[in-house]
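Each remark here refers to the structure printed beneath this line.
The values are calculated or read from the model by the stated rules, or taken from the named source; none is laboratory data. Since this is a predicted model, take the numbers as computed values, not measurements. Cβ coordinates were reconstructed from backbone atoms using ideal geometry, including for glycine residues, and neighbour counts include every protein chain displayed. These area figures cover heavy atoms from the full protein model, side chains too; ligands, DNA and RNA do not enter into them. Shrake-Rupley method; radii C 1.70, N 1.55, O 1.52, S 1.80 Å.
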Amino acid sequence: MKQIKVSLPARWTDGGGIDSALNDGQRLFDSKAKSVTFVVPTGCALKIGACIRLLSIVNQLAYLGAHVEIFFEEGQLGAMGYLSRMGFFEHLAPAVAVTPDRPDITGRQMYGGGNRGLIEIASLSTVKRDMELPDRLAKTAAALHSDKTRGERLGDAVFTVFSELIGNVYDHSATKLTGFAALQSYSKGRKGRTVEIAVSDSGLGILATLRPALLNQGHPYGDLDDAELLIKAVSEGVSKNGPGYGCGLHISAQKALILSANLEIRLPECRMNLVPKATEYTQETMVYGYDGLPHIDGTHLCFDFYLDN
């Protein structure tokens, strides 16, 4: 039996940190791995985008029949305690082994809804759509501002972003696995408080459905490489449904620009980090890695912004 160990960084870890950990090991989905252990070391602190990306990857492997274990070096403290608070274990596939054992009562069960600065991990079922989730997320974000006007502006932007990004899960995923969404605010740093919003699914990925539709339409963008096509989807709103139809990624990106948000998009074989330039995301402001990133299913989106801007 081929065994793989993936060790997460012993520091603050975002979605890119998860990718780096996967790169340090072997490709999980390209190998014949039947046993995979994820080691969460002492000192590892997961940002919310990293939490739901890890959750999606682990559930994907379990779905494919691999034996998967998550080993927490600090036991119930540290990262395991945070994941318990965010509802990670409620969404973790039952077949995944956890060391030490999963908590009998999670932090989410004890304190869920009690922190005005977060929305615990919410499931995006492919069977039943939660129509109230975008509103809950928007109200949470709006309440972070003491200024009512700025809070309403923030809430409106978050509502639109989440509505569109969650819509992408249903429009593009084509999977039986559940997707996830979450929101987390972080304490003041040098530039003020930050908010991170993440949506993750385990489906085909946006470009896997967009590109064939464009080629079928004879659209010239169908022949662009992944980076160029993604930029067109973000900046121009090119849609698989043809002219006149909205593109969720474009609409959410426009709202993200209002917040001067950095937008990260992880597709099955590449990650693209979009930094706003004036009023748009452009090729020149994009840093992306394509070669060398291990394959993972789905579309994983995360945007973060300074709350006090």
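For segment 101-164, averaging the sequence separation of C-alpha pairs within contact (under 8 Å, six or more residues apart) and dividing by the residue count gives a relative contact order of 26 percent.
With r as the distance between the Cβ atoms of residue 5 and residue 139 and R0 = 41 Å, compute the FRET efficiency 1/(1 + (r/R0)^6) and round to 0.05.
Working: r = 42 Å, r/R0 = 1.01.
Step by step, r from the Cβ atoms, then E = 0.50.
Counted by Cβ distance under 14 Å from residue 12, the other residues give a net charge of -1, where Lys and Arg count +1 and Asp and Glu count -1. For residue 36, nonlocal amide neighbours, meaning residues 5 or more places apart or on other chains whose placed amide H falls under 5 Å from its own, are 4, 67, 68, 69.
At full extension, residue 95 and residue 225 could sit 43.0 nm farther apart than now, given 0.36 nm per residue minus the alpha carbon distance.
For residue 187 and residue 104, what is the calculated FRET efficiency with R₀ set at 25 Å and r taken between the beta-carbons, to the nearest 0.05?
Details: r = 30 Å, r/R0 = 1.20.
About 0.25, to the nearest 0.05.
Distance check, please: which entries in 176/232; 5/47; 2/47; 176/255; 34/232 exceed 27 angstrom between their Cα atoms? Beyond 27 Å between Cα atoms: 176/232; 2/47; 176/255; 34/232.
So with the 1.4 Å probe, I'd like the accessible area per residue for segment 13-144, rounded to whole Å².
On the way: 5760 Å² over 132 residues.
Using a 1.4 Å probe on heavy atoms only, each residue of segment 13-144 averages 44 Å².
Amide H to amide H, with H built 1.01 Å from N, residue 7 comes under 5 Å of 39, counting only residues 5 or more places away or on other chains. In this structure, the amide hydrogen of residue 271, modeled 1.01 Å from its nitrogen in the peptide plane, lies closer than 5 angstrom to those of 289, counting only residues at least 5 positions away or on a different chain.
On the protein heavy atoms, probe 1.4 angstrom, tell me the percent of accessible surface of segment 1-141 carried by carbon and sulfur. Provide the component values of the computation, followed by the final result.
On the way: 3380 of 6650 Å².
In segment 1-141, the share of accessible area belonging to carbon and sulfur is 51 percent.
How much length is gained if the chain between residue 147 and residue 77 is pulled fully straight, taking 0.36 nm per residue apart and subtracting their Cα-Cα distance, in nm to one decimal?
Numbers: separation 70, 0.36 × 70 = 25.20 nm, distance 3.57 nm.
Here the segment from residue 147 to residue 77 would lengthen by 21.6 nm.
Across segment 10-126, the mean sequence separation of Cα contacts (distance under 8 Å, 6 or more residues apart), normalised by length, yields a relative contact order of 25 percent. What is the local net charge at residue 92, summed over the other residues whose Cβ is closer than 13 Å to its Cβ (Lys, Arg +1; Asp, Glu -1)? That sum, taken over residues with Cβ under 13 Å, equals -1.
I need the calculated FRET efficiency for the pair residue 115 and residue 20, taking r as the beta carbon distance and R₀ as 35 Å, to the nearest 0.05. Show your work: numbers first, answer last.
Working: r = 29 Å, r/R0 = 0.82.
Calculated transfer efficiency: 0.75.
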